[in-house]
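Colleague: Below is the structure I would like to discuss, written out as structure tokens.
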Amino acid sequence: MIAPSPRHLMALASGLTLSAGGAPLPGQQADSDTVTVFVASRTLPRGIALQESDMVRDVRVIRRGAPRAPAHVGWVTRRVVRAGEVLAGPAVVPPPAIVPGQPVQFVLERGGVTISVPGTAAVTASIGDTVVVRLGALRRATGIVTGPTTVMALSQERDR
């Protein structure tokens, strides 16, 4: 069995359709792909959560390497998105998992031992984002948001 390329795996995981064999279509440049994307069905204001009625499937030629994080229902617009514009990052982002001041559990795993410490989120962040957590009045730690109230430690932190 032939292993698919990382480009094709990303396309499959995100619902994109690449041109046959990755070869350019007639009139298409060799450094671009034909993909099925979601575009805005109307002009969308900043800060709204996307609904199905806000998105329409369309086939586009997109330059290879261009950001293609596809939008999903519930994602939030970071700026005004014009009708017909591709709904992808950084114009749209996943909804925030945590907000500033929210109580979170800061989890540290080392050598089979897991320690969970209560903390407070310092900024708004989505799952997968790096965030600073306040652990009391004088301590701060950096981690990755793994759930709605969970932040996993990046590495051992020193007191600041």
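The values are calculated or read from the model by the stated rules, or taken from the named source; none is laboratory data. Small disclaimer: the values here were computed from a predicted structure and weren't measured. No Cβ is skipped: glycine too gets one built from the backbone with ideal geometry, and neighbour counts run over all protein chains shown.
Colleague: Which of the residues belonging to the range 126-150 are within 15 Å of Pro103 (Cβ to Cβ) and in contact (Cβ under 8 Å) with a residue 24 or more places away in the chain?
Modeller: Selection gives Val131, Val133, Leu135, Ala141, Gly143, Val145, Gly147, Pro148, Thr149, Thr150.
Colleague: In the set Ser116, Ser126, which member is closer than 30 Å to Arg57 by Cβ and out of contact with any helix residue (DSSP H, G or I) (no Cβ under 6 Å at 6 or more places or on another chain)?
Modeller: Only one candidate qualifies: Ser126.
Colleague: Let me ask something else. Restricting the range 107-139 to residues that are assigned to a strand (DSSP E or B) and among the charged types (D, E, K, R), which is farthest from Pro94 (Cα to Cα)?
Modeller: Once the filter is applied, the top-ranked residue is Arg110.
Colleague: Let me ask something else. Please pick out the residue among Leu44, Leu18, Leu87 that is modelled with pLDDT of 90 or more and not assigned by TED's automatic domain parsing to the domain that holds Gly136.
Modeller: Leu44
Colleague: Among the residues of the range 102-114, which ones are farther than 13 Å from Pro148 by Cα and either among the polar types (S, T, N, Q) or not assigned by TED's automatic domain parsing to the domain that holds Val133 (or both)?
Modeller: Thr114
Colleague: Would you check if there is a residue in the range 139-150 being in contact with a Ser or Thr (Cβ under 9 Å, 6 or more places away or on another chain), modelled with pLDDT of 90 or more and exposed (fewer than 12 other Cβ atoms within 10 Å of the Cβ)?
Modeller: There is no residue in the range 139-150 that is in contact with a Ser or Thr (Cβ under 9 Å, 6 or more places away or on another chain), modelled with pLDDT of 90 or more and exposed (fewer than 12 other Cβ atoms within 10 Å of the Cβ).
Colleague: Has the range 83-97 got at least one residue that is closer than 19 Å to Leu154 by Cβ and surrounded by 15 or more Cβ atoms within 10 Å (Cβ to Cβ)?
Modeller: Taking every residue of the range 83-97 in turn, at least one turns out to be closer than 19 Å to Leu154 by Cβ and surrounded by 15 or more Cβ atoms within 10 Å (Cβ to Cβ).
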